[in-house]
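Below you'll find the structure, written out as structure tokens, and then a few comments.
The values are calculated or read from the model by the stated rules, or taken from the named source; none is laboratory data. This one's a predicted model, so the numbers in the text were calculated from it and none came from an experiment. For neighbour counting, all protein chains shown are included, and Cβ atoms are generated from backbone atoms with ideal geometry for every residue, glycine included. Note: areas computed on protein heavy atoms with side chains; ligands, DNA, RNA excluded. Shrake-Rupley method; radii C 1.70, N 1.55, O 1.52, S 1.80 Å.
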Amino acid sequence: MFGTQITESYESRDSIAHIWGYRTPYAGQGQWPVRVDERALADADHWVQSACVFCSNGCGLDIGVRDGRMVAVRGRARDWGNRGRLGPKGLHGWEANMSPDRLTRPLVRRGASLREATWEEAMSLLVGRMQEVCSTASSLAVAFYVGGQLFLEDYYTLAVIALAGVGTPHLDASVRLSTAAGAAALMESFGSEGQPGCYDDIDVTDALLHVGHNVAEQHTVLWARILDRRHGPKPPRLVVIDPRTTPAAREADVHLAPRPGTNVAVLNGLLHLVIRAGRVDHAFIDAHTVGFARLKGVVEGWPPERVEAVSGVPVGALRAAAEVLGATPSLVSTVLLGVYQSPQATAAAVQVNNLHLIRGLIGRPGCGVLQMSGQPAGANAHETGCAGALPGFRNWANPVHVNQLAQLWKVDPLRIAAWGPPTPVVDMLRYIEEGSLRMLWVIGSNPAVSLPDLTRVRAVLDQPGLLLVVQDAFMTETARYADIVLPAALWGEKTGTFTSADRTVHISYTAVSPPGEARPDLDILLEFAQRMNFRNRDGEPLIGWRDPEGAFEAWKACSAGRPCDYSGLSYARLSGGPGIRWPCNEQFPDGRPRLYTDGVFYTAASDCESYGHDLLTAAPVTAAEYCLADPRGRALLKAADYTPPPEQPDSEYPLWLTTGRVVYHWLTRTKTARSRELSAAAPDAFVQVSDEDAARYRIADGQWLEVRSRRGRAVARARVGQIEPGLVFMPFHYGNGDPKHGPRAANELTLNDWDPVSKEPWLKCAAVRIRRAQEPAGIRRLLWLAGLRRALGGGHILHSLALQIARLFAKGGGRAHPGVPGAAADAGAAAR
Amino acid sequence: MHIRAYLELLQMREQQLAEALVALAEDHADAPDLAATSRRLARWSGQHAQALQVFVGRYPPGEEPDLAAAVPPLAPARFSGNYGLVHDLQIVWLLVQDVQARWEVLRQVSWALRDRELFAACEELGAEARRQAAWVRARLAEAAVQGIIAAP
């Protein structure tokens, strides 16, 4: 559709009805056919290079601009991640940028309400309070929590500000809730983060394994690629491990549906069968790994019968899966939240790495592990040091690595907050509760919906004595608790880079100006640093850059020589063409498609990002212990035995709850709820129950249900079928802000507990009970008023009046607390 | 021979460690991963104490005075918050060091006695004691700075 003159709203395909579009079958690397997806509200007068921010696939796209407004998006045919394709969220979600409820001016709390303020007032207040807190209570009273959708330049700047400017270890990113366990698993097995494989491996592989990865709904374009392989010559076999019958599970040759919390048992069972059948690459194991004997010993205890007893996966299905995985000459595995948000998250993700290692299926075409990231820039949060490691995948426990940063930043090593592991958000909440953390700056994230056990989270955010700063594009549930709100620019309104789940770096240019006085995150951070007057040991500004490209150049210097080496990249090289993978340096000037081609991993004591952990107790291996048995480049085969989750269904709460996503929404719906089509396609939360449980509880499809756990309750309509008996599912996108509803957020129910290694919360399993419920009062009133309108034959004005009245009723006469169900406009973490 | 007395002292210390770990979990339930692992490690110590019973019965009582009274009990302070956590972890650390050292000593002793079963138990359970010690040290490192500098 290039060059086509569009005179009205145009869509190259109906992505709502046909999520993955028509098939373009193929086989072979570089052979995936082009299919350019496009959606336009008007003719564009020019196009600006960018990439999609609605998952971590990194689909190159161009933003169409007319008269200073975004009017279109079009997939970039040259980009290998999508070859022109875009998913439903990519085609529709950008409309949120033009939403009339964008934050356009800073807000400052005066008493019970937030009032508009100038930037000068807001920044003076922020800096004054920060200095006051640091001087009276130390920098340990300050924390930063950032979303997974900023740009690399924002993250790196924030990391330097937090670690060497303010000097606090309390810096974490919302990737802690999504992919921390994947990152941890890469470190445990390979010594460092960095996906071993890339998407090109899908083009040539003989088999695919998706573990807890709802790929068809999360990474729609990646799934289109897989479907195209499945429809082409020599289609790859497909094994899916997921407790629900997702679209990917329906397509699979073998689908294993384990009970929640039993991933380690199932994966150990698969390893058991593969090893028993002798389908291991002994030469690879001997030359490139350590730990096989112990792994073999542990999985020996997991014959298929025991796996069935624990997980519910039938012996025959497990054997069928092991047959595919043991026989295939090449394999691509992807792992995501079904593993990462479950108990034993890191231990389970490591077993997928182990499968590839014992079969020698790594470091060559068609063989890759993708410990997926979910958010578009989640990988950058990890790389730059905002999510648990030091910048450049450096090891906080290695003094040499800390000194490298000290030299780069020209500061005393003791100034860097690296005396212990960085603080995960789950511990920040505890510190706020006890009063030792007094200032929290949340950037582009909505913890009031996304964290588990929301009753507690609301109490923490509302805690007296906490100064909460929220930097976002919308008045989110979290922003309602803020003392200072800073309006931020969104994607398309600022320039920067971000990196997909297969290490491909894209540039995204400013297409339009942000609304009102909203500013790019980087500008806000740079002004903060300047006002705080952070200096290096030579008296120069600690942050020496003034714009995105300057930040990128600074990051290149920080990453040089590390696994995530960006030193060969530049804004010029990223402009015009497709994305480029890291490492990109003198040795790999065009980027490196896959790591570990020589079987040498980043495990040498001097290189590694982490010395690893005891997978059961999470005790870190000490430097001395690690150096004593330095793997020197061999991968680590780490075994883990299954341990049952602490909360399991019982007579009081007899069902498992698991949570996940629907294809039309992204995270807490901040953007996607503001697209008419996406919102209409999935307007509300639901509770999915099996046919058997529906019969048992006498539930009909569409019946209102109350789900209750030991933490809280949620109400939503039933959706019957496509799930195992004993299990109920709720999507995690929906917050409680919609005044028509009672509580409907899945995280009202989830456990306040986490994987000890990665500190990733267990959002995927909780014990609940269900019962039939009345429809929420707000909905009832709405329906009654709609009936009244019909009876009166009223037009639009009367309908609007009816809605206004209904909202007033639903609010129950105003709110006592911000963010409490029945109050706030529904919103969520802003996708940048 | 004082083997039986030494075994009984280790048993007593494992019991104390188990109790201290349970107390740690109870007093710091706001850190659920800490509490869960602490309970798990408490079960290990309980199992260790039980496993030692077989060997206690195997060796005759000696002539030594009652040393149990001479080994002072170590109890957590049992107060919440991060400063309390640091203190409690410090007590547990002392206990686990004691237990770990005793398993090492017992391993040597069992070798000298050619008691294969006891030797195997020392290898296996001593390794678990080392994992317990590593965990306590790690949690101390995580909690110390916030607990000592910033906690109220």
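Assuming R0 = 45 Å, can you tell me the calculated FRET efficiency for the pair A:Arg696 and A:Ala27, based on Cβ-Cβ distance, to the nearest 0.05? Please list the in-between numbers first.
Values: r = 46 Å, r/R0 = 1.03.
According to the calculation, E is roughly 0.45.
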Accessible surface of A:His231 - all protein chains present, 1.4 Å probe, nearest 10 Å²: 100
Length-normalised contact order for chain A - Cα pairs under 8 Å, 6+ apart - percent: 18
Angstrom value of the Kirkwood radius, inverse mean 1/r, which spans all Cα pairs in chain A: 27.0
Set of aspartates and glutamates with alpha-carbon distance to A:Lys638 below 12 Å, sequence-local pairs under 8 removed: A:Glu188, A:Asp614
Neighbour cut-off at most 16 other Cβ (10 Å), DSSP loop, GluC sites (Glu not before Pro), the stretch A:484-551: A:Glu517
Candidate residues A:Glu625, A:Glu217: accessible-area rank, largest first, probe 1.4 Å: A:Glu625, A:Glu217
Largest-first ordering by accessible area, 1.4 Å probe, given options A:Arg279, A:Arg359: A:Arg279, A:Arg359
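By per-residue mean of other Cβ atoms within 10 Å, what is the highest-first order of A:692-703, A:185-196? Before the final figure, lay out each step's value.
Details: A:692-703: 14.2, A:185-196: 27.0.
Ranking, from highest mean packing down: A:185-196, A:692-703.
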Taking the stretch A:309-433 and dividing mean pair separation by its residue count, relative contact order in percent (alpha carbons under 8 Å, at least six apart): 16
Average beta carbon contacts from partner chains per residue of A:430-440, 10 Å cutoff: 4
Alpha carbon centroid spacing (whole Å) that separates the stretch B:7-67 from the stretch A:369-423: 38
Accessible area (Å², per residue) of the stretch B:96-152, counting only protein heavy atoms and a probe of 1.4 Å: 49
For chain A, with +1 on Lys and Arg beta carbons and -1 on Asp and Glu, the positive-most of A:Leu295, A:Gly366, A:Ala249 along the dipole: A:Ala249
Using θ = phi - 60° and Karplus 6.51 cos²θ - 1.76 cosθ + 1.60, couplings along the stretch A:485-492 (whole Hz; Gly, Pro as x): 10, 10, x, 10, 6, 9, 3, x
Extreme residue, positive dipole direction of the protein assembly as shown, given options A:Gln31, A:Ala619, A:Ala418 (C-beta unit charges): A:Gln31
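About the Cα centre, and with charges only on the beta carbon of Lys, Arg (+1) and Asp, Glu (-1), how big is the dipole of the protein assembly as shown? Nearest 20 debye, please.
Charge dipole, the protein assembly as shown, about its Cα centre: 2040 debye, nearest 20.
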Cα-based equivalent ellipsoid, the stretch A:558-659: semi-axes from gyration tensor eigenvalues, Å: 38, 24, 12
Separation in nanometres of the label points that stand 7 Å from Cα toward Cβ, at A:Thr597 and A:Ala320: 3.8
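Between A:Thr622 and A:Asp412, what is 0.36 nm times their sequence separation minus the Cα-Cα distance? Round to one decimal in nm. All intermediate terms of the calculation are to be shown ahead of the outcome.
Values: separation 210, 0.36 × 210 = 75.60 nm, distance 2.41 nm.
Full extension from A:Thr622 to A:Asp412 adds 73.2 nm.
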Rounded to 5, the percent of DSSP beta bridges in the protein assembly as shown classed as antiparallel: 50
GNM top mover of B:Glu63, B:Glu142, B:Glu128 - chain B, alpha-carbon springs below 10 Å: B:Glu63
Selected from A:Leu486, A:Thr328, A:Ala72, residue furthest toward positive end of dipole (chain A; charges at beta carbon): A:Ala72
Sequence of A:Ser709, A:Ser567 from largest to smallest accessible area, 1.4 Å probe: A:Ser567, A:Ser709
Partners for A:Lys296 among aspartates and glutamates (Cα-Cα distance below 17 Å; same-chain residues under 8 apart left out): A:Asp281, A:Asp286, A:Asp641
Kirkwood Rh and Cα Rg combined as Rg/Rh, the stretch A:144-195: 1.01
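Using the Cα centre of the stretch B:1-54 as the reference point, and only Cβ charges (+1 on K/R, -1 on D/E), how large is the resulting charge dipole? Debye, rounded to the nearest 20.
300
Within 10 Å of each Cβ in peptide A:751-758, how many partner chain Cβ atoms are there on average? Round it to a whole number, please.
3
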Alpha-carbon centroid distance for the pair the stretch A:173-195 / the stretch B:115-143, whole angstrom: 27
Of B:Asp27, B:Asp66, B:Asp98, the one that fluctuates the most in a GNM where chain B has Cα springs shorter than 10 Å: B:Asp66
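Show that you can apply the helix-only estimate: for the protein assembly as shown, add -39,500 (n - 2.57) for every DSSP H stretch of four or more residues, divide by all residues, and state [θ] at 222 nm to the nearest 500.
-11500 deg cm²/dmol
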Dipole in debye (nearest 20) - the stretch A:570-718, about Cα centre, beta carbon charges: Lys, Arg +1; Asp, Glu -1: 720
Cross-link reach list, lysines versus A:Lys494, counting only Cα pairs under 26 Å and skipping chain neighbours closer than eight places: A:Lys89, A:Lys556, A:Lys671
Unpartnered cysteines - no second Cys beta carbon under 4.7 Å - across chain A: A:Cys55, A:Cys134, A:Cys198, A:Cys367, A:Cys386, A:Cys558, A:Cys564, A:Cys584, A:Cys608, A:Cys627, A:Cys765
Average beta-carbon neighbours from other chains, 10 Å sphere, peptide B:143-151: 6
